[in-house]
Amino acid sequence: MQMSNKVKVIPCSGIGKVFGLVAREAALKTVVELCPEKAETVCLAYIVTGDEEVKAKMKDSGCITVDGCPKMCASKNVSLAGGIVVDEIKVLDTVKDHKGKKFGSPTELSDDGYLVVEEIAARIETRINEIA
Ligand code: SF4
């Protein structure tokens, strides 16, 4: 796998949880639409397997993690792999500003779910522009 020293935006896996889907969508929106020249993503599972090439590349780049629940799987595992976590985004911090709304399901977000995705992606974009 060829990687650069772009900022790594790494969401948790969060399969089966709506906030996990929010985390993945926000990370993808950032690296594909908002900051493709400055950021890229890396599969969390690949990081967790401890691949030496991934570990080496992670050490050269700042990482922004996006986690769907307080277990903070992305942040913890990126740190364990030697990555420098420059910011850890918690989906729950953003959704608490949207009390009473329905965000969709683990497989499909509602309009309010996408609103949260956009807020989080904008925050990640701001952070990337501060550091890259
Ligand atoms: S942080 Fe929570 S939602 Fe995300 S992978 Fe871990 S347990 Fe699942």
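Distance between the C-alpha centers of the stretch 1-43 and the stretch 73-132? Whole Å please.
10 Å
Kirkwood hydrodynamic radius of the chain from all distinct Cα pairs, in Å?
Kirkwood radius, the chain: 14.5 Å.
At a Förster radius of 25 Å, what calculated FRET efficiency corresponds to the Cβ-Cβ distance of THR126 and LYS101, to the nearest 0.05?
0.60
Under a point spin-label approximation (7 Å from Cα along Cα-to-Cβ), what is the ILE84-VAL32 distance to one decimal in nm?
Once both label points are built, they end up 2.9 nm from each other.
Determine the gain in length on full extension of the stretch GLU53-ASN5; use 0.36 nm per residue of separation and subtract their C-alpha separation, reporting nm with one decimal.
Separation in residues times 0.36 nm, less the Cα-Cα distance, equals 16.0 nm.
Long-range amide H contacts for GLY62: which residues qualify at under 5 Å (H placed 1.01 Å from N, peptide plane, sequence gap of 5 or more or a different chain)?
Residues meeting the criterion, in which the H sits 1.01 Å from N, are LYS8.
Just from its helices, what would the mean residue ellipticity at 222 nm be for the chain, if runs of 4 or more DSSP H residues each count -39500 (n - 2.57) and the sum is divided by every residue, rounded to the nearest 500 deg cm²/dmol?
Calculated mean residue ellipticity at 222 nm is -12500 deg cm²/dmol.
Here, each number is a calculation from the coordinates, and none is a lab measurement. Bear in mind the structure is a predicted one, so any value in this text is a computation, not a measurement. Cβ: placed from backbone, ideal geometry, glycine included. Neighbour counts: every protein chain shown.
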